[in-house]
Amino acid sequence: MKGETALQPGGIGASTPLSLLKRNAVPVLFAVLCALGVLLAEIDPLFLANEIISRLARNSFLILSLLIPVSAGLGLNFAIVIGAMAGQVAVITITHYKIRGLAGLLWAMAGSVPLAVVMGYLAGLVLNRAKGREMITSMILGFFVNGLYQLVFLFLVGTVIPMKNRSMMLPGGVGLRNTVDLYPIAQVLDKLWRINLGGVRIPMATLLLAGALCAAIHYLMRTRLGQQMRAVGQDRHIAAVAGIDVDRTRIIAMILSTVLAAWGQLIFLQNISTLNTYNSHEQVGTFAIAALLVGGATARRATIWQAMLGLLLFHTLFVVSPLAGQAIVGIPQIGEYFRVFVAYGVIGVALALHAWQSRS
Amino acid sequence: MKQRLEKLVERFGIPRLIIMAFVLALFILGSLTGLSTAQLLSASLVRFGMNGVLVLAMVPTITCGVGLNFGLPVGVLCGLVGALISMQLELKGFVGFISAILFSLPLAAIFGWLYGWLLNRVRGQEMMVGTYVGFSSVAFMCIFWLLAPFDNPELIWAIGGQGLRYTLTLDNHFGKVLNEFLLLKIGDLEIPFGLVGAFLLLCLLSQLFLRTKVGLAMQAAGDNPRFARAAGIDVPRMRSLGAMLSTILGAVGIIIYAQSYGFLQLYMAPLMMAFPAVAAILIGGASLARATVGHVILGTFLFQTLLTIALPVTSHIIGGDISEVARLIVSNGMILYALTRAGGGR
């Protein structure tokens, strides 16, 4: 990774403090915002630490699933919502068959793989037909598959798909309820090994799993496949001349991303313990991408460290802003809208800067 | 003969044929199940006039080469501010309606120009940047609605709340003024000549504008920017102008939409407004690079008719409201189709 930074325009003369600040302007700005919010709202540090640790643990897999498509030149993969939906299909299935505990979660993770692979493959095919417009296409693709998902769980379940389960279905017998209680797998991964450090509860198992994924991605990027992905990401045409099957490499990147997103959503859901059948997945892409960008990543370059830093800053802001809104103006909704504004705004600004720089 | 037929199908586009067949099938199903075709048609016409101008707003940006305007909420928000000023001043009926449009025009012109300035700097990523400019301005305006200095008791929460209400009723202001203007009733069939006429008038004006010197320059800038520059056309200026016109049409469009709906929806309501408009013009036959007023009229009619009659017909048959899901699948499927066509029609 160090060799790469030298290729970046900002990487030259990176030793002076000013240029270092300039290069990391986005994370620094958000760190200042977070610090201001924490000070103004006078938040209990223990509450904040607990909140952030649990958010960090449950969101880490989802944000890491974005890294592979970025390195393969597909940009920010808004279609990870499709992976999230695959995970939800699996979790609905195991809840229906009443498979409990860690076994339930493991079955769900295994069961989501075939669906996620197929969906990732199809998404890769679609994005290969929309080169240069991958991001907008992946976003619309997410909306489209969301439509299909709703069709299945609102109308086909109970009619075409035979399913009888009073506790999960709407009173009419067609369609799933808005919320599915996931008590059989509630926090099974988090509880597996959780330590209490001065009042801060740390889900070690979940964090270790995320660490293992970081290591796996780090290793993947050094294999032949990873090198090919990076080559495709740098320049499609040169990669093709060098004998790399560009389309195939991009499809593999999409499949990996979709599978990781499915697992990420399962880890997220076991922590939350309730599935909002029709909304849980909708904001997954937006929030993961906004967090990654807050960490200083761009649509062309994203590292594991940027992902982790972004997760920390974005979720701190997420926790702090309603409380800060309450403390400063007395209206908590202002903080809530402010964080939505930040999520969308940071994506807009990052994309604009990306397009601006790649033109000049 | 077969070849000619195939060519005709190709020109017309397979998705459009499917949607047309679907609309026709729904009409037949509807009349078979005993629903009044005249009522279905009347409702469709209202929805056609209600949404048309928002779809028309796509024409300037596609013509000038910016592409589909996913940043339509920028215009919508300007229109909402205009409508709120008119309501704050207690202007009623047509005066209220016209003044809402007049108040929103300068705002839409300024913000449209700024939006165009930004889009000129992010060439190649206009759609993605536009989407998020739209999203973030909607979120920003949510804060504005909370803090805005409106004090008309009809607009703000009566007790215990802060800022403007989520949904404002237009009954006492300019609700339905266009819908009820020149409304023709023949039996069950109601034709809102005022509403549809206003939409068609704006279509005609757009068509006339495209024939003027500026309009032709805009088309040239969109078709072939290099050639246009060689011919002495200021391409970035034309693109800014396209974004500005689109924003203005978005502002006018939401005011017409709101008067027809009878309510003004604030906060997160405008977030997804660009997508149905984009889908409608694509259903009409437009591509990322080419759009005509004809595409707008055909696309809006097909899409809105589909959505309007899908609800009563399907609820009659399967007993559930499938129209929201159908809207998601059809509109996003259509946008995907356009995005993945070789070169996007460019």
With respect to B:Ala279, determine if the residue is under 30 Å from B:Leu302 (Cβ atoms) and among the small types (Gly, Ala, Ser).
-> yes
State whether the residues of region B:110-130 include one that is free of Cβ contacts under 8 Å to residues at least 60 places away in the same chain and either closer than 30 Å to B:Leu200 by Cα or more than 11 Å from chain A (Cβ to nearest Cβ) (or both).
-> yes
Residue check: is B:Phe181 away from chain A (no Cβ under 14 Å), over 30 Å from A:Gly335 (Cβ atoms) and crowded, with 21+ Cβ neighbours inside 10 Å?
-> no
Consider A:Thr298 against the criteria (1) more than 14 Å from chain B (Cβ to nearest Cβ); (2) surrounded by fewer than 24 Cβ atoms within 10 Å (Cβ to Cβ); (3) in a loop (DSSP other than H, G, I, E, B): it satisfies all of them except one. Which criterion is unmet?
-> (1)
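Can you pull out every residue in region B:245-268 that is β-branched (Val, Ile, Thr) and farther than 12 Å from B:Ser104 by Cα?
Answer for region B:245-268, where residues must be β-branched (Val, Ile, Thr) and farther than 12 Å from B:Ser104 by Cα: just B:Ile256.
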Which residues, counting only those in region A:228-286, are surrounded by fewer than 17 Cβ atoms within 10 Å (Cβ to Cβ) and closer than 19 Å to A:Gln187 by Cβ?
-> A:Ile272, A:Ser273, A:Thr274, A:Asn276
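Here is a list: B:Ala251, B:Ala291. Which entry is away from chain A (no Cβ under 14 Å), assigned to a loop (DSSP other than H, G, I, E, B) and either acidic (Asp, Glu) or buried (at least 20 other Cβ atoms within 10 Å of the Cβ) (or both)?
Answer to the selection: B:Ala291.
Please go through region B:140-150 and pick out each residue that is free of Cβ contacts under 8 Å to residues at least 60 places away in the same chain and either in a helix (DSSP H, G or I) or closer than 23 Å to A:Glu134 by Cβ (or both).
B:Phe140, B:Ile143, B:Phe144, B:Leu146, B:Leu147
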Name, by its number, the condition in (1) surrounded by 23 or more Cβ atoms within 10 Å (Cβ to Cβ); (2) over 24 Å from B:Ala243 (Cβ atoms) that does not hold for B:Ser99.
-> (1)
Looking only at residues in region A:110-137 that are within 10 Å of another protein chain (Cβ to nearest Cβ) and polar (S, T, N, Q), which one is nearest to the chain's Cα centre (by Cα)?
-> A:Thr137
Members of region B:309-342 that are modelled with pLDDT under 85 and either among the hydroxyl-bearing types (Ser, Thr, Tyr) or not in a helix (DSSP H, G or I) (or both) | B:Thr314, B:Ser315, B:Ile318, B:Gly319, B:Gly320, B:Asp321, B:Ile322, B:Ser323, B:Arg341
What are the residues in region B:308-319 that are surrounded by fewer than 21 Cβ atoms within 10 Å (Cβ to Cβ) and touching a helix residue (DSSP H, G or I) at 6+ places or on another chain (Cβ under 6 Å), if any?
-> B:Leu311
Turns out the helices (runs of 4 or more DSSP H) fully within region A:81-200 with at least 3 residues that are modelled with pLDDT of 85 or more and surrounded by fewer than 16 Cβ atoms within 10 Å (Cβ to Cβ) are A:101-128
Go over the candidates A:Leu170, A:Leu141 one by one and state the one that is among the aliphatic types (A, V, I, L, M) and more than 9 Å from chain B (Cβ to nearest Cβ).
-> A:Leu170
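For the condition away from chain A (no Cβ under 14 Å) and among the polar types (S, T, N, Q), what is the one hit in B:Asn51, B:Asn69?
Selected residue: B:Asn51, the only one of B:Asn51, B:Asn69 that is away from chain A (no Cβ under 14 Å) and among the polar types (S, T, N, Q).
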Residues of region A:270-321 being in contact (Cβ under 8 Å) with a residue 12 or more places away in the chain and under 11 Å from the mean Cα position of the chain (by Cα), which ones?
-> A:His281, A:Val284, A:Gly285, A:Thr286, A:Phe287, A:Ala288, A:Ile289, A:Ala290, A:Ala291, A:Leu292, A:Ala307, A:Leu311
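Can you say whether B:Phe111 is part of a loop (DSSP other than H, G, I, E, B), surrounded by 20 or more Cβ atoms within 10 Å (Cβ to Cβ) and among the aromatic types (Phe, Trp, Tyr), as far as the supplied structure shows?
Considered against the rule, which asks whether it is part of a loop (DSSP other than H, G, I, E, B), surrounded by 20 or more Cβ atoms within 10 Å (Cβ to Cβ) and among the aromatic types (Phe, Trp, Tyr), B:Phe111 comes out as no.
How about region A:215-233: which of its residues are among the charged types (D, E, K, R) and not in a loop (DSSP other than H, G, I, E, B)?
Correct list: A:Arg224, A:Arg230.
Could you check region B:80-110 and list, in sequence order, the residues that are small (Gly, Ala, Ser) and touching a strand residue (DSSP E or B) at 6+ places or on another chain (Cβ under 7 Å)?
Matches in region B:80-110: B:Ala83 only.
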Would you pick out the residues in region B:216-235 that are farther than 16 Å from B:Ile62 by Cβ, exposed (fewer than 14 other Cβ atoms within 10 Å of the Cβ) and either among the aliphatic types (A, V, I, L, M) or touching a Cys at 6+ places or on another chain (Cβ under 8 Å) (or both)?
-> B:Ala230, B:Ala231
Only one of A:Val349, A:Val342 that is surrounded by fewer than 19 Cβ atoms within 10 Å (Cβ to Cβ), within 13 Å of chain B (Cβ to nearest Cβ) and more than 21 Å from A:Ala72 (Cα to Cα) | A:Val349
Taking B:Val81, is it at pLDDT 90 or above and of a type in the set (Val, Ile, Thr)?
-> yes
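Being farther than 25 Å from A:Leu74 by Cβ, in a loop (DSSP other than H, G, I, E, B) and within 14 Å of chain B (Cβ to nearest Cβ) narrows it down to one of A:Gly335, A:Gly325, A:Gly330, so name that one.
Unique residue meeting the criteria: A:Gly330.
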Go through the residues of region B:207-215 one by one and say whether even a single one is among the polar types (S, T, N, Q), over 25 Å from B:Thr167 (Cβ atoms) and in contact (Cβ under 8 Å) with a residue 60 or more places away in the chain.
-> yes
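The values are calculated or read from the model by the stated rules, or taken from the named source; none is laboratory data. The shown structure was predicted, so the numbers you read here are calculated from the model rather than taken from an experiment. Counting neighbours? That spans all protein chains shown, and the Cβs are built from the backbone with ideal geometry, glycine included.
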